[in-house]
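Here the structure comes first, spelled out in structure tokens, and everything after it is commentary.
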Amino acid sequence: MYNNTTYFYDKNFEQRKEKIKFKIDPLIPNFGLFRIIEEDHTIGNVIHNKLLESKCVIFCAYKKPHPLENFIILKIITNELLTPVQALDSCLKDLYIELSILEEDFNKSIKNKK
């Protein structure tokens with residue numbers, strides 16, 4: 001007979017991991033380095049392009065260091081009006097709204113086809 005605790009899998013383990021890690025550089029004002037776990041070029045490019053639409057973002061870039069590594073690195077430099085964390089937060093909220101509208105339109109078009 002097997003001990004059940006030995007083979008126990010915690011289903012919430014993946015959800016408890018930190019999705020985004022943040023690092024600052026004290027030498028560069030308003031600089032933020034974000035490590036986004038379990039994402040790739042798809043979300044990196046979307047966030048990058050959305051951040052560049054903001055007038056408060058001076059520089060934004062992302063990279064995926066290696067194809068086998070499961071994270072991207074996002075660099076943001078802002079002016080004094082927003083911090084990099086505020087800029088990313090605003091960007092993600094805007095993307096959430098845009099994607100929600102897109103999902104609603106998609107669902108309406110599917111219902112009209114039926």
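Yes or no, residue by residue, for (1) surrounded by fewer than 11 Cβ atoms within 10 Å (Cβ to Cβ); (2) touching a strand residue (DSSP E or B) at 6+ places or on another chain (Cβ under 8 Å); (3) at pLDDT 95 or above; (4) of a type in the set (Phe, Trp, Tyr):
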{"position": "Glu18", "(1), (2), (3), (4)": "yes, yes, no, no"}
{"position": "Ile37", "(1), (2), (3), (4)": "no, yes, no, no"}
{"position": "Asp40", "(1), (2), (3), (4)": "no, yes, no, no"}
{"position": "Asn49", "(1), (2), (3), (4)": "no, no, yes, no"}
{"position": "Tyr62", "(1), (2), (3), (4)": "no, yes, yes, yes"}
{"position": "His66", "(1), (2), (3), (4)": "yes, no, no, no"}
{"position": "Asn70", "(1), (2), (3), (4)": "no, yes, no, no"}
{"position": "Glu80", "(1), (2), (3), (4)": "yes, no, no, no"}
For this session: Taking Lys23 as meeting all but one of (1) outside any helix (DSSP H, G or I); (2) of a type in the set (Lys, Arg); (3) at pLDDT 95 or above; (4) surrounded by fewer than 13 Cβ atoms within 10 Å (Cβ to Cβ), write down the number of the exception.
Result: (3)
For this session: Being in contact with a His (Cβ under 8 Å, 6 or more places away or on another chain) and free of Cβ contacts under 8 Å to residues at least 24 places away in the same chain is the filter here, so list the residues in the range 59-114 that pass it.
Result: Cys60, Ala61, Tyr62
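So which residues in the range 64-81 are assigned to a loop (DSSP other than H, G, I, E, B) and more than 21 Å from Ile28 (Cα to Cα)?
Answer for the range 64-81, where residues must be assigned to a loop (DSSP other than H, G, I, E, B) and more than 21 Å from Ile28 (Cα to Cα): Lys64, Pro65, His66, Pro67, Leu68, Glu69, Asn70.
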Problem set entry | Pick from the range 26-46, criterion outside any helix (DSSP H, G or I) and among the β-branched types (Val, Ile, Thr), ranking: farthest from the chain's Cα centre (by Cα) | Ile28
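The values are calculated or read from the model by the stated rules, or taken from the named source; none is laboratory data. All values reported here derive from a predicted model rather than from experimental measurement. Cβ coordinates were reconstructed from backbone atoms using ideal geometry, including for glycine residues, and neighbour counts include every protein chain displayed.
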